[in-house]
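Structure record follows, encoded as structure tokens.
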């Protein structure tokens, strides 16, 4: 008999009743150090008092209005994002998947209104993950996500990761309107796109007029030690998808865009009942206030270097289990020589939560404000989990 909750997840046999900072407490009272942060969502940890205060204050005023009316909290957050980024305008969604849907629509509407309705094709890359909607799975193209869900939405071409010649050929084809890429692939195994490659891609887009869409749903909002990961390369996109950390745990996403890329999205071309609701935007504004601070981002970089140093030592101590460390800031991955699920499971026994990914990687995505002592404890527990695997 099918359960009441549709069984689309392979859930761990763990139930948590409360959390604080980087820690979760299960229903049997056991404490777990959370290095997943809800898959990079709880950017400021569990039960953050500043976010709780912002949410509670707004909850006593108004929860929902719909976008039939002006929403001051939405306007405030949009202005904060515009002031701190390349963007001229912002549309709020409830998730990264919804942001991906709008990014695709925006790129195609741009070319339609520019008199080139033929430029509908969007280039994407092997290993990508842009969500679970029909457009998002068609964009990623992997069999794991698309099998059984055909016919797929047309208009996407997947290129091999790192194949510069294939990219150079494809982007010059006359029907290509946009290229969509993650500066660091998350689900794909914490695979960073080198800065020189992102710069080269920006140059190709400038030469051909192709729009650059960046998916910073997982790697954005301070995760790498800059507000957005593309800032390391010194380039700017035309359109960018944001979600996860922007709400600090409250469902919130956004599409940021230049005026040129977004100008065709006029009244009636897109909408959302819940997107940009007062509760989400009140929390998002508080997250931005904290995370966009230069001193905070400097601390993320320092903590990331400290964590990486500990992980490099872990790899050196267990060369039969681990191959190396990937990533940037507090978006790190352990590439394994064993099945990542085994490492994750061994972590459960040590009171440690991690997240598996493709390419034999275990993701480590702790809250951005994780204390140094918790980083040291994380390395200690990872070492204990590795020792248990060796002994098994």
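Results, tabulated for the structure shown:
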quantity: Candidates 6, 65, 24, 44, filtered to the one that is in the same structural domain as residue 327 (by TED's automatic domain parsing) and either at pLDDT 95 or above or assigned to a loop (DSSP other than H, G, I, E, B) (or both); calculated: 24
quantity: Unique residue being part of a helix (DSSP H, G or I), under 24 Å from residue 108 (Cα atoms) and free of Cβ contacts under 8 Å to residues at least 24 places away in the same chain when the list is 206, 168; calculated: 206
quantity: Matching entry among 38, 45 (being crowded, with 21+ Cβ neighbours inside 10 Å and either at positive phi or without any contact (Cβ under 8 Å) to a residue 12 or more places away in the chain (or both)); calculated: 45
quantity: Count of residues meeting criterion [touching a strand residue (DSSP E or B) at 6+ places or on another chain (Cβ under 8 Å) and surrounded by 22 or more Cβ atoms within 10 Å (Cβ to Cβ)] in region 337-351; calculated: 3
quantity: Any hit, region 81-92, residues being over 27 Å from residue 185 (Cα atoms) and buried (at least 16 other Cβ atoms within 10 Å of the Cβ); calculated: no
quantity: Among (1) outside any strand (DSSP E or B); (2) exposed (fewer than 11 other Cβ atoms within 10 Å of the Cβ), the one test that residue 17 misses; calculated: (1)
quantity: Of the criteria (1) in contact with a strand residue (DSSP E or B) (Cβ under 9 Å, 6 or more places away or on another chain); (2) within 15 Å of residue 167 (Cα to Cα); (3) surrounded by fewer than 24 Cβ atoms within 10 Å (Cβ to Cβ); (4) in contact (Cβ under 8 Å) with a residue 12 or more places away in the chain, which one residue 211 fails; calculated: (3)
quantity: Residue selected from region 219-261 under the condition touching a strand residue (DSSP E or B) at 6+ places or on another chain (Cβ under 8 Å) and farther than 21 Å from residue 182 by Cβ, by the criterion surrounded by the most Cβ atoms within 10 Å (Cβ to Cβ); calculated: 249
quantity: From the options 47, 54, 78, residue that is under 16 Å from residue 252 (Cβ atoms) and touching a strand residue (DSSP E or B) at 6+ places or on another chain (Cβ under 9 Å); calculated: 78
quantity: Only listed residue being surrounded by fewer than 19 Cβ atoms within 10 Å (Cβ to Cβ) and assigned by TED's automatic domain parsing to the domain that holds residue 286, chosen from 30, 11, 76; calculated: 76
quantity: Residue in region 117-136 that is outside the structural domain of residue 330 (by TED's automatic domain parsing), assigned to a loop (DSSP other than H, G, I, E, B) and without any contact (Cβ under 8 Å) to a residue 12 or more places away in the chain present; calculated: yes
quantity: Residue within region 352-371 that is assigned to a helix (DSSP H, G or I), surrounded by fewer than 20 Cβ atoms within 10 Å (Cβ to Cβ) and touching a residue at least 60 places away in the same chain (Cβ under 8 Å) present; calculated: no
quantity: Residue 86 vs. criteria in contact with a helix residue (DSSP H, G or I) (Cβ under 9 Å, 6 or more places away or on another chain) and part of a strand (DSSP E or B); calculated: no
quantity: Test set (1) in contact with a helix residue (DSSP H, G or I) (Cβ under 8 Å, 6 or more places away or on another chain); (2) surrounded by fewer than 21 Cβ atoms within 10 Å (Cβ to Cβ) - residue 387 fails condition number; calculated: (1)
quantity: Residue within region 191-198 that is modelled with pLDDT of 95 or more and either part of a loop (DSSP other than H, G, I, E, B) or more than 29 Å from residue 330 (Cβ to Cβ) (or both) present; calculated: yes
quantity: Conditions (1) over 21 Å from the mean Cα position of the chain (by Cα); (2) farther than 19 Å from residue 247 by Cα; (3) at pLDDT 95 or above: number failed by residue 79; calculated: (2)
quantity: Subset of region 3-35 (residues that are touching a residue at least 24 places away in the same chain (Cβ under 8 Å) and out of contact with any strand residue (DSSP E or B) (no Cβ under 8 Å at 6 or more places or on another chain)); calculated: 12, 30
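Condition check ((1) outside the structural domain of residue 80 (by TED's automatic domain parsing); (2) closer than 19 Å to residue 214 by Cβ; (3) not in a helix (DSSP H, G or I)) across all residues:
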{"position": "251", "(1), (2), (3)": "no, no, yes"}
{"position": "254", "(1), (2), (3)": "no, yes, yes"}
{"position": "268", "(1), (2), (3)": "no, no, yes"}
{"position": "272", "(1), (2), (3)": "no, no, yes"}
{"position": "279", "(1), (2), (3)": "no, no, no"}
{"position": "282", "(1), (2), (3)": "no, no, no"}
{"position": "286", "(1), (2), (3)": "no, no, no"}
{"position": "301", "(1), (2), (3)": "yes, no, no"}
{"position": "305", "(1), (2), (3)": "yes, no, no"}
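The values are calculated or read from the model by the stated rules, or taken from the named source; none is laboratory data. Everything numeric here is computed off the predicted structure, so don't read it as measured data. With ideal geometry, Cβ positions are generated from the backbone for all residues, glycine too; neighbour counts draw on all protein chains shown.
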